[in-house]
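Here is the structure we will look at, set down as structure tokens.
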Amino acid sequence: MSTSNVRNIDSLAALHSGMLRLAHDWDNTVQELSSFVQRAEEHFSQTQPRYWRRQTQLAERELNEAKDNLARKRASIRIEDRPAASEAVARVQKAERRLRVCEDKTRQLRSWANEVAKACDGLRGPLADVHEHCDTILPQAARELATLIDQLRQYAEQARQRDSL
């Protein structure tokens with residue numbers, strides 16, 4: 001019968017507990033990353049579009065008010081009775097610029113949202129793979145290692161009993 005020279009089973013037990021801690025730590029990290037991916041995608045697909053829609057509405061309202069104000073100033077029948085409208089014209093121009101910025105941001109955001117969605121989708125697959133390792137593969141390997149450790153302990157005990165006889 002062949003013999004083995006089993007000297008330190010405790011290091012294998014430390015490996016076993018390390019594998020379980022690793023699976024737990026990785027699982028926590030994967031959950032945090034998944035949450036971050038979800039929040040990033042939500043930010044670009046829901047939060048920002050909602051914000052820029054609201055800003056566009058406000059800019060449109062501001063532009064309409066500025067145009068109405070300018071129209072009232074220009075509505076006098078006689079030119080000499082009209083108040084100076086340079087401030088009202090500047091307000092209309094400012095409101096038009098703001099509306100253009102809001103519309104540009106809305107257009108850019110569609111493109112950004114698509115890019116972020118693609119990047120998030122690209123991360124979900126590898127995260128699922130790591131989650132599977134944490135949830136299934138590492139715990140299974142730890143169980144198998146625990147079984148081997150038990151067998152080694154039994155073998156070492158039998159060897160000690162033989163040596164003491």
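Rounded, prolate or oblate: which fits the chain when a ≥ b ≥ c are the square roots of the eigenvalues of the alpha-carbon gyration tensor, with rounded for a/c under 1.5 and prolate only if a/b beats b/c? Prolate is the answer for the chain, as a/c is 1.5 or above and a/b outweighs b/c. Rolling a 1.4 Å probe over the protein heavy atoms leaves V101 with an accessible area of roughly 70 Å². Averaging the sequence gap over all C-alpha pairs within less than 8 Å and six or more residues apart, then dividing by the number of residues, gives the chain a relative contact order of 44 percent. Around the Cα centre of segment 9-159, unit charges on the Cβ atoms of Lys, Arg, Asp and Glu (plus for the first two, minus for the last two) sum to a dipole of about 1780 debye.
Contact order, relative form, for segment 48-128: 38 percent (alpha carbon pairs under 8 Å, 6 or more residues apart, mean separation divided by residue count). Protein heavy-atom accessible surface, 1.4 Å probe, per residue over segment 1-156: 72 Å².
Quick one: pull the percent of accessible area on the chain belonging to carbon and sulfur, 1.4 Å probe, ligands and nucleic acids left out. Could the numbers behind the result be given before it?
Details: 6280 of 12110 Å².
Of the solvent-accessible surface of the chain, carbon and sulfur hold 52 percent.
The values are calculated or read from the model by the stated rules, or taken from the named source; none is laboratory data. This structure is a prediction, so every number in the text was calculated from the model and none was measured. Methodologically, a virtual Cβ is constructed for each residue, glycine included, from the backbone with ideal geometry; neighbour enumeration extends over all protein chains shown. Ligands, DNA and RNA are stripped out before the accessible areas are found, and what is left, the full protein with its side chains, is counted by its heavy atoms. Shrake-Rupley method; radii C 1.70, N 1.55, O 1.52, S 1.80 Å.
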